[in-house]
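Single-structure report; data block below.
Bear in mind that the values in this text are calculations on the coordinates, not laboratory data. All of these numbers come straight from a predicted model, not from anything done at the bench. Counting neighbours? That spans all protein chains shown, and the Cβs are built from the backbone with ideal geometry, glycine included.
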Amino acid sequence: MAGDYTIWHNPRCSTSRFVLEALRRGGIEPVVRDYQKDPPSADELRAVLAAMDGTPRDLLRRKGDLYLEMGLDDPGLTDEQLLNVLSSHPQLIERPLVIAPMGTVLCRPKDRVFDLLPQSQTT
């Protein structure tokens, strides 16, 4: 199943490490994208959001000083503005995000990863 799954991963994040390990224990070796070293473009973010029927705010990490320093709590910011911020400041992307054959899921809480595993792997 390599290549069928991709995880946008931050190796310093315990939730991201948990999700990656759960995929591997489920027999899935995903493509691992360190999204901070290889940030997604605004177009890639649009595609991911379309696949998860989400908005840029769904991917916005609200923890940390940068969120407030950049005024990202302003409800007047447009989706395009937020997409540009996310692509230029990948540390503001919430993680881990898993792109799988059955859908794209932000694995917060981390147990959401189990919805992506083949049924025989979760029982």
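Tabulated results
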| read-out | value |
| --- | --- |
| Residue check for residue 12: within 13 Å of residue 110 (Cα to Cα) and either among the charged types (D, E, K, R) or loosely packed, with under 15 Cβ neighbours inside 10 Å (or both) | no |
| Elements of type strands (runs of 3 or more DSSP E) contained in the stretch 1-110, each with 1 or more residues being basic (Lys, Arg) | 31-34 |
| Close pairs (6 angstrom Cβ cut-off, 6 or more residues apart or separate chains): closer than 19 Å to residue 97 by Cβ in the stretch 56-71, in a strand (DSSP E or B) anywhere | 59/93 |
| Which numbered condition residue 66 fails, given (1) out of contact with any Leu (no Cβ under 7 Å at 6 or more places or on another chain); (2) surrounded by fewer than 16 Cβ atoms within 10 Å (Cβ to Cβ) | (1) |
| Failed condition for residue 22, given (1) in contact with a Pro (Cβ under 9 Å, 6 or more places away or on another chain); (2) buried (at least 16 other Cβ atoms within 10 Å of the Cβ); (3) in contact (Cβ under 8 Å) with a residue 60 or more places away in the chain | (1) |
| Options 36, 81, 91; residue that is in contact (Cβ under 8 Å) with a residue 40 or more places away in the chain and surrounded by fewer than 15 Cβ atoms within 10 Å (Cβ to Cβ) | 91 |
| Count - residues of the stretch 111-123 that are in a loop (DSSP other than H, G, I, E, B) and surrounded by 15 or more Cβ atoms within 10 Å (Cβ to Cβ) | 1 |
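For every residue, the table says whether it meets (1) touching a His at 6+ places or on another chain (Cβ under 8 Å); (2) of a type outside the set (A, V, I, L, M).
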residue	(1), (2)
8	no, yes
13	no, yes
23	no, no
35	yes, yes
44	no, yes
66	yes, no
